[in-house]
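To start, the structure itself, in structure tokens.
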Number of protein chains: 2
Amino acid sequence: EGELEEIVKVAVKVPVVRLKMGEVAEATTVVVLPVSIAAEGESGVGKVPMECKSEGGFGIVVADKGWDRWVVLPRWVPLLGIGSGVAVSFSNAKVLPWRVNRTYVNEPVLVVIDRKRKQVEFDDGFYLVAGSGGDDGGLKVEKGSILKETGVAETIGTVVIVVRPPNYEVDDQLSDEDWD
Amino acid sequence: EGELEEIVKVAVKVPVVRLKMGEVAEATTVVVLPVSIAAEGESGVGKVPMECKSEGGFGIVVADKGWDRWVVLPRWVPLLGIGSGVAVSFSNAKVLPWRVNRTYVNEPVLVVIDRKRKQVEFDDGFYLVAGSGGDDGGLKVEKGSILKETGVAETIGTVVIVVRPPNYEVDDQLSDEDWD
């Protein structure tokens, strides 16, 4: 099952990463993103600051407006060139259109999008779109090819990475030494 | 001179730390603090969110109000029990009442205060107070004993740590191997 998940991941061309405990530590720099709760739908995403700049020696994050919900993530490669990033917080992984296993589907996920890339560019890219009904404000992650078929050209933004929470229950978070 | 600085640091009982490049990486967790620009004075500090909680598996920071300026710091020990933290951003270190060397004094500093601890508790503690005139909105860091002598009982907050920016010019940021 784990192997199948790997294959699916490669096919979808969107990295799905599980945040490890203490992993914010791993990169030499971090990225601070405004968070939107999926339940607040498309308009919720629209209220988030458009631009966040890093300022001065302390890397102070300066947003173009005040915001009350933020997340710190390791500066993973897909986050490097992000134009206007938002981490959309979903209560579960049902929003993802690819096959996920049962544990995974019940975990919360952060879907990080770039709002500067609203156009459906790639068939195998993934995009956040406004649907109707369902949990999580009707927001959906949809594949580029499907959107093109249904004539959707503009989306809320391109999905750049999907983040799963740290797993506190399995021991793969710890090195062997911790158990000796 | 470096040694003298060390002695002064011990005497003042406020840790002064220089952020190392990539040091946000060093601790297993980080702390996200709202930033106030010193030039905006006491009222500027007063506008910053009072409470920031960490929520859920992703450690999303939820503030009691929107704010546009944030900094990520390693979760250093003095930041652990902080009640209502603000990083006050000073353009130079003249605000510090102890002797600092010439390079240091011209560098920006972040003075992190706890606004839940406004009372002057300790003679050898340091507190952020509103003065008048000068750069940086008239804000000053003052020693507890001095404040007691002049009858000041309440301050903007207790100073918990002073942060200096990473030094990009000196090689002490790099290990010896990097120069071999």
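The values are calculated or read from the model by the stated rules, or taken from the named source; none is laboratory data. This is a predicted model, so every value here is computed, not measured. Neighbour counts run over all protein chains shown; Cβ positions are idealised from the backbone, glycine included.
Points to keep in mind about this one:
- Entry remark, the stretch A:128-137: residues being touching a helix residue (DSSP H, G or I) at 6+ places or on another chain (Cβ under 6 Å) and either at pLDDT 80 or above or assigned to a loop (DSSP other than H, G, I, E, B) (or both) number 4 in total.
- When residues of the stretch B:79-94 are limited to those that are over 19 Å from B:P166 (Cα atoms) and crowded, with 16+ Cβ neighbours inside 10 Å, the one nearest to the other protein chains (Cβ to nearest Cβ): B:V86
To keep it simple, each residue is scored yes or no on (1) farther than 22 Å from A:R75 by Cβ; (2) modelled with pLDDT under 95; (3) outside any strand (DSSP E or B).
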{"residue": "B:V10", "(1), (2), (3)": "yes, yes, yes"}
{"residue": "B:V32", "(1), (2), (3)": "no, yes, no"}
{"residue": "B:G66", "(1), (2), (3)": "yes, no, no"}
{"residue": "B:L73", "(1), (2), (3)": "no, yes, no"}
{"residue": "B:Y104", "(1), (2), (3)": "yes, yes, yes"}
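- Test: residue in the stretch B:51-64 that is crowded, with 21+ Cβ neighbours inside 10 Å, aromatic (F, W, Y) and not in a loop (DSSP other than H, G, I, E, B): no
- The stretch B:60-78 residues that are of a type in the set (G, A, S), paired with ones that are part of a strand (DSSP E or B) and crowded, with 20+ Cβ neighbours inside 10 Å (beta carbon under 7 Å, 6 or more apart): B:A63/B:P34; B:A63/B:C52; B:G66/A:W67
- Consider the stretch A:106-123 and keep the residues that are within 14 Å of chain B (Cβ to nearest Cβ) and in a loop (DSSP other than H, G, I, E, B). The one that is farthest from B:F58 (Cα to Cα) is A:N106.
- Unmet criterion (only one of (1) surrounded by fewer than 17 Cβ atoms within 10 Å (Cβ to Cβ); (2) within 16 Å of the chain's Cα centre (by Cα); (3) more than 30 Å from A:V31 (Cβ to Cβ)) for B:R99: (2)
- Among the residues listed as A:S145, A:S91, the single one being hydroxyl-bearing (S, T, Y) and within 23 Å of B:E55 (Cα to Cα): A:S91
- Selection within the stretch A:83-108 - under 21 Å from A:D68 (Cβ atoms) and not small (G, A, S): A:V86, A:V88, A:F90, A:P108
- Residue selected from the stretch B:12-21 under the condition within 14 Å of chain A (Cβ to nearest Cβ) and modelled with pLDDT of 60 or more, by the criterion surrounded by the fewest Cβ atoms within 10 Å (Cβ to Cβ): B:K20
- Filter result for A:D123 (at pLDDT 95 or above, touching a Gly at 6+ places or on another chain (Cβ under 6 Å) and of a type in the set (D, E, K, R)): no
- Applying the set (1) touching a Gly at 6+ places or on another chain (Cβ under 6 Å); (2) within 13 Å of chain B (Cβ to nearest Cβ) to A:R75 leaves exactly one unmet item: (1).
- Under the condition of being surrounded by fewer than 21 Cβ atoms within 10 Å (Cβ to Cβ) and of a type in the set (A, V, I, L, M), the residues counted in the stretch A:132-160 number 4.
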